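Shown next, in structure tokens, is the structure this report addresses.
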Ligand code: FES
Ligand code: FES
């Protein structure tokens, strides 16, 4: 039963009784700005992204159970970033319940609770900061008003603590109210509590998913199961640009455990009784692939070059172009490069799908519930409303699960056999069918004035696509934006008291999918700009920290950036000199309005670069959960070290390699700094981005430190002395 | 072929092809999903279990190798009520992010501590060689040391059972 109730403010509340009468669901619609504009907003680097559900259906469900616990059906998925915990804190504080009473689950798409955006871009907490508190507060007032009727008291005289409402003599729990109340009144949105009254927001609350994860009890997409489930495997090409022509499946059909070989127009797959049987049968299928060109790494490298493809000026102040035009002596120029990178998230992409006559269910780790639903529906000829997406925990996201074609394959295989089918990538397929972090090439140019300050600075970046081609990025927006904003994330000049600066993005289309990878272009762009800033500081004979500070404008963003830089230098006792074989490297970046400064302490051991300590100062604004912000900084630093110092995909005779961990070198325990010292500044009164910004500076930090040790300037990632 | 082994204290007999990797027997036949698949090639450690006290990568071990042996998975390491010192330390240090790699790391750590109750940083670097993409190594190192402290005064039931 659904009973929509509308009130004067722009919210619509819906009350749904649960089957079996165990509780009541209260849902609310929060109207955001329209979708196109939101996408445009999202696209602009410094924008704040408002949260938005699919308008018309509730985007937030609170389920109030008789035992007085509250289940929050979360529209954002949990991929390790701590969103479940942060949102539980935010809701608990306005609901007036203890954090221990909050249970957080992924909202299934058939609850109507669908995030129209995605989980990514470090926007979950910041986007829900206002709507979630307003809805929780309204819900609390609804419960309070109902309790006033029940207790025969004036609502204003009631006290609430831990979900129990009392008039001094008698008390009643939220659970009791929810099960008794037939008619709900919706108040005007109440005023939110002052920040200082919050009990959970701002505190290092332990993760709500911690115990289950430590006991091995959390369910990921790979762990999903349905009754009578079979196992599927789809043949995927290992060569770039390979087109499926046809396949010989005679041998596979005879293999043990095989239930059916499924031939489609564009792919061939197999369904079997067990995973190993499905994989074995798949390997026995002989596919005839057609490739037009045999690609090599050098072909790719030749494409990614500033000057090739379509340029787009993404930032411009003053006359940097004309000042830097004359390749005269006083122009300083350096080039930098970053390689093709893989997501390498630990949980391979997979899904369990069950397609029935007029409905389908898909259990999957996805960052884009809404898109997954649409794609599956289209593929099997159902309406999106007939498809229920059941999101699970994600064994890492990092942007990899913004594309979920595996859901469609599982659905096609399930449809073919009329039973649930689980189908996922093996590790080789995961590496070869990734939506890679694109390689980049950067040309930095500058001119110093007589006082050793920057007169003009220019950053040219060439990159494979990031946002373009993504289902998240509607093609109609492309001409409006004009360049790939994902590629130039972090590519703009953050030192805005320089009189003349310019940033130009060059777009190239590579022959394989490149896309979102945690922080998008931030790591590579910051590597180029912040390495170059150190080069310029040296040319100017200045201390690199003071040199940076001298170019920051006097406004709010500038002052926040200054503050993280000063604090990091002080905290790390930054010095230029090499001490006991160790040198420090400094770098800073601003991403999605969050400034971060880092100092890396580095030595060279047996010809290898070793990072001993990283100091990190971040200003994400209001810190909802300081401990999880630290966890995100630590994780970003280590993932950044991995990408900046170890990882690289290459192409050999048309084949993307490596195809396995190990050969795809990644940071392990032994590469991780033994000391990470983090400080959180809060120079804004609302929460900002956390999950990606701290990935920015680390590559440049390490390169800058290596230069102090060796006088060798490393301008190409992965950084190597060999 | 019928193969019997003890898993988390219970005798189990399964009827599968003898070359089936132990991982799939544990996950899909015995329905213990805490042991994860990451690569299937002994390259990431997500599938680490104990076989007679040794930490091994179950994706690359044929089930027949476990015949008559004792297997412990994350589900047998400890419980919420009675966590293994490694799990207790993991909770105290709030280690997991996505959590997918964590059972493998905890199994590797428990086996390391059983042999080397006080590992140095170098011991940790040499022995804990699983992959964590979320980059939780920093907290893991702290948790490993904390687990060593916790186990110093205590023998956990799951360890006692072993001969
Ligand atoms: S799944 Fe066994 S080592 Fe990766
Ligand atoms: S916690 Fe995500 S891979 Fe380790």
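The values are calculated or read from the model by the stated rules, or taken from the named source; none is laboratory data. Since the structure is predicted, the reported quantities are computational estimates derived from the model, not experimental observations. Quick reminder, even Gly has a Cβ in these numbers, built from the backbone with ideal geometry, and neighbours come from all protein chains shown.
Annotations for the structure displayed:
- Of the residues making up segment B:28-36, at least one is more than 17 Å from residue B:144 (Cα to Cα) and more than 11 Å from chain A (Cβ to nearest Cβ).
- For segment B:53-163, the helices (runs of 4 or more DSSP H) that sit wholly inside it and include 3 or more residues that are within 16 Å of ligand 2 (Cβ to nearest atom) are B:85-92, B:102-115, B:137-152.
- Within segment A:668-682, the set of residues being more than 7 Å from every other protein chain (Cβ to nearest Cβ) and either without any contact (Cβ under 8 Å) to a residue 40 or more places away in the chain or within 30 Å of residue A:556 (Cβ to Cβ) (or both) comprises A:677, A:678, A:679, A:680, A:681, A:682.
- For residue B:149, the conditions (1) more than 19 Å from residue A:217 (Cα to Cα); (2) within 16 Å of ligand 1 (Cβ to nearest atom) all hold with the exception of (2).
- Scanning segment A:271-298 for residues that are in contact with a strand residue (DSSP E or B) (Cβ under 6 Å, 6 or more places away or on another chain) and not in a loop (DSSP other than H, G, I, E, B) yields A:271, A:272, A:275, A:278, A:279, A:281, A:282, A:286, A:287, A:288, A:290, A:297.
- Condition check for residue A:636 on (1) at the interface with another protein chain (Cβ under 10 Å from one of its Cβ atoms); (2) more than 12 Å from residue B:136 (Cβ to Cβ); (3) in contact with a strand residue (DSSP E or B) (Cβ under 9 Å, 6 or more places away or on another chain): one failure, at (2).
- Criterion violated by residue A:305 - all others in (1) touching a residue at least 12 places away in the same chain (Cβ under 8 Å); (2) farther than 30 Å from residue A:534 by Cα satisfied: (2)
For (1) in contact with a helix residue (DSSP H, G or I) (Cβ under 8 Å, 6 or more places away or on another chain); (2) modelled with pLDDT under 95; (3) within 16 Å of ligand 1 (Cβ to nearest atom), each residue gets a yes or a no:
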{"site": "B:69", "(1), (2), (3)": "no, no, no"}
{"site": "B:79", "(1), (2), (3)": "yes, no, no"}
{"site": "B:112", "(1), (2), (3)": "yes, no, no"}
{"site": "B:125", "(1), (2), (3)": "yes, no, no"}
{"site": "B:143", "(1), (2), (3)": "yes, no, no"}
{"site": "B:155", "(1), (2), (3)": "no, yes, no"}
{"site": "B:161", "(1), (2), (3)": "no, yes, no"}
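- For segment A:246-257, taking the residues that are more than 14 Å from every other protein chain (Cβ to nearest Cβ) and in contact with a strand residue (DSSP E or B) (Cβ under 8 Å, 6 or more places away or on another chain), the one that is farthest from residue A:658 (Cα to Cα) is identified as A:253.
- Residue that is nearest to the chain's Cα centre (by Cα), among those in segment A:220-230 that are part of a helix (DSSP H, G or I) and either facing chain B (nearest Cβ under 7 Å) or at positive phi (or both): A:222
- Strands (runs of 3 or more DSSP E) fully within segment A:136-219 counting 1 or more residues that are touching a strand residue (DSSP E or B) at 6+ places or on another chain (Cβ under 6 Å), assigned by TED's automatic domain parsing to the domain that holds residue A:77 and within 16 Å of residue A:64 (Cβ to Cβ): A:164-166, A:171-173
- Of the residues in segment A:360-374, at least one is more than 29 Å from residue A:536 (Cβ to Cβ), within 16 Å of ligand 2 (Cβ to nearest atom) and crowded, with 17+ Cβ neighbours inside 10 Å.
- Any hit, segment A:611-628, residues being over 30 Å from residue A:88 (Cβ atoms), assigned to a loop (DSSP other than H, G, I, E, B) and touching a strand residue (DSSP E or B) at 6+ places or on another chain (Cβ under 7 Å): no
- The set of residues in segment B:52-61 that are more than 6 Å from ligand 1 (Cβ to nearest atom) and either on the phi > 0 side of the Ramachandran plot or touching a helix residue (DSSP H, G or I) at 6+ places or on another chain (Cβ under 7 Å) (or both) comprises B:52, B:53, B:54, B:55, B:58, B:61.
- Scanning segment B:110-122 for residues that are farther than 28 Å from residue A:691 by Cα, without any contact (Cβ under 8 Å) to a residue 12 or more places away in the chain and within 11 Å of chain A (Cβ to nearest Cβ) turns up at least one hit.
- Lone qualifier among B:48, B:35 - being more than 17 Å from residue B:114 (Cβ to Cβ), crowded, with 24+ Cβ neighbours inside 10 Å, in contact (Cβ under 8 Å) with a residue 60 or more places away in the chain and not assigned by TED's automatic domain parsing to the domain that holds residue B:144: B:35
- Screening residue B:100 on (1) modelled with pLDDT under 95; (2) within 16 Å of ligand 1 (Cβ to nearest atom) shows it passes everything except condition (1).
- All conditions in (1) away from ligand 1 (no atom under 16 Å from the Cβ); (2) touching a helix residue (DSSP H, G or I) at 6+ places or on another chain (Cβ under 8 Å); (3) closer than 24 Å to residue B:145 by Cα; (4) within 14 Å of chain B (Cβ to nearest Cβ) hold for residue A:613, with the sole exception of (2).
Okay, residues lined up against (1) at pLDDT 95 or above; (2) in contact with a helix residue (DSSP H, G or I) (Cβ under 9 Å, 6 or more places away or on another chain); (3) under 25 Å from residue A:211 (Cβ atoms); (4) part of a strand (DSSP E or B):
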| residue | (1), (2), (3), (4) |
| --- | --- |
| B:18 | no, yes, no, no |
| B:25 | yes, yes, no, no |
| B:31 | yes, no, yes, no |
| B:34 | yes, yes, yes, no |
| B:38 | yes, yes, yes, no |
| B:41 | yes, yes, no, no |
| B:45 | yes, yes, yes, no |
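- In segment A:647-665, of all residues being touching a strand residue (DSSP E or B) at 6+ places or on another chain (Cβ under 9 Å) and in a loop (DSSP other than H, G, I, E, B), the one that is nearest to the other protein chains (Cβ to nearest Cβ) corresponds to A:663.
- Failed item, numbered, when residue B:80 is tested on (1) within 7 Å of chain A (Cβ to nearest Cβ); (2) under 30 Å from residue A:643 (Cβ atoms); (3) surrounded by fewer than 19 Cβ atoms within 10 Å (Cβ to Cβ): (2)
- Residue selection: residue B:49 satisfies the criterion of being within 15 Å of ligand 1 (Cβ to nearest atom), in contact with a strand residue (DSSP E or B) (Cβ under 8 Å, 6 or more places away or on another chain) and not in a loop (DSSP other than H, G, I, E, B).
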